Amino acid sequence: MSSQYLTLSALLCIALAGPLSATQPTEQTPEANSTTVFDPYHAEIVAADGRKITAHIIGHDGKEVRLIPEHVDREYTVPLENLSLETQQAIISNCPTAFLHLDKNWDRENAHAGLDNTTINDLTHLLKQQLTMSFLSVMEFDQTWLYGDLLDQASVIYQGIHYLEPLQVVRDRLYDALEIGKSQVVITDGFPENSFRLWLFPVRAEYRYAQGYDDLEQLSGYNTLGLLVDRSEQIVAVQCIRTSQLSEIPTSHWNLFDANTVDFFGLKKKFAAQAKVRIQPTNPTGVTMNNARPRDINKTSTTVHQTQIYFNSSDGRRLSYSRMYMPDRLARIIAYNIGKNWN
């Protein structure tokens, strides 16, 4: 869907499809004690002269807002300065700058649901620990799980990469660190269907040696950077993969569980029965929400769950070591999908 830049007056004419609303101009002072919950999917957009429309907000940058008016199948960009002060304040204070973009039928029932599925079993075990929740009952979906962050409050997933940051922005910023990448569709059971692509970028050898080849806390410690993106090519999760000089990486013995899945984003499983995959959920960053159900964007979890995955061959040789960084909001969407379609 293309975006068209219009004056608000022209947009109102299109959206109202007839004579402009006779609504009286609103007072240009924001309400101090408004208790109305801001709904970006059905937001009342009031112009500076008092005319109004209802629209679905796609995102904003603090200067312009992108929206789709009700009953109009096109995206428009409107300067915030053309809106009433109350609407400006509502958008800046309560509206995320971006939203997770999934396929509209992402949670349709999967044809393989109910069958024995080792990846679903591994995901369930992992998410139960990270979210401290039960999959025994179907969860109620919370729209705030689709929310990005408020203006100037970007959540960091890994090494300065922000949640829902445009892929191209990150590629440009890491130009000196990454080689040309390739992408694949994410088909992992439990993940929203037809919604994600995984981009894999080899890390440049010269960058690794210059920055610290053995430092697992830095990008330079890995051979490959994986970026999971949604349908709008916004980054939703990160993985770091190391496949060389693995003998020096010790296996932690705390909170490990045996699994079959080597790579959840790329859907890779161990290829031999005697091979060993051990997964370790580690302490997350940010504020852990546990079973809290945030209804307000200001209370939405900024937690990023980190998972370490050790993969050894049947003769005990280390084949790969990786870290997966998954924001809490995405983890809850996957947990909801598993509870709804695989229980």
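The strands (runs of 3 or more DSSP E) found entirely in the stretch 1-78 that carry 2 or more residues being at pLDDT 55 or above, surrounded by 14 or more Cβ atoms within 10 Å (Cβ to Cβ) and among the β-branched types (Val, Ile, Thr) are 43-46, 52-60, 64-69. Only one of these is over 17 Å from the mean Cα position of the chain (by Cα) and in a helix (DSSP H, G or I): 213, 209. Name it. It is 209.
The set of residues in the stretch 96-140 being modelled with pLDDT under 90, among the hydrophobic types (A, V, I, L, M, F, W, C) and within 21 Å of the chain's Cα centre (by Cα) consists of 131, 133, 139. The single condition from (1) out of contact with any strand residue (DSSP E or B) (no Cβ under 8 Å at 6 or more places or on another chain); (2) in contact (Cβ under 8 Å) with a residue 40 or more places away in the chain that residue 176 fails is (2). When the test is whether a residue is at pLDDT 95 or above, of a type in the set (Ser, Thr, Tyr) and under 12 Å from the mean Cα position of the chain (by Cα), residue 163 passes it. Identify all residues within the stretch 216-230 that are surrounded by 14 or more Cβ atoms within 10 Å (Cβ to Cβ) and not in a helix (DSSP H, G or I); write none if there are none. Correct list: 216, 218, 222, 223, 224, 225, 226, 227, 228, 229, 230. Residues in the stretch 168-206 that are of a type in the set (D, E, K, R) and not in a loop (DSSP other than H, G, I, E, B): 6 in all. Scan the stretch 174-197 and give yes if some residue there is of a type in the set (Val, Ile, Thr), at pLDDT 90 or above, farther than 24 Å from residue 337 by Cβ and crowded, with 20+ Cβ neighbours inside 10 Å, otherwise no. The answer is no, given that none of the residues of the stretch 174-197 is of a type in the set (Val, Ile, Thr), at pLDDT 90 or above, farther than 24 Å from residue 337 by Cβ and crowded, with 20+ Cβ neighbours inside 10 Å. Within the stretch 252-270, which residues are in a loop (DSSP other than H, G, I, E, B) and among the aliphatic types (A, V, I, L, M)? Those that are in a loop (DSSP other than H, G, I, E, B) and among the aliphatic types (A, V, I, L, M): 256, 267.
Within the stretch 76-96, none of the residues are under 24 Å from residue 196 (Cα atoms) and among the β-branched types (Val, Ile, Thr).
The values are calculated or read from the model by the stated rules, or taken from the named source; none is laboratory data. Since the structure is predicted, the reported quantities are computational estimates derived from the model, not experimental observations. Note: ideal-geometry Cβ built from the backbone for every residue, glycine included; neighbour counts use all protein chains shown.
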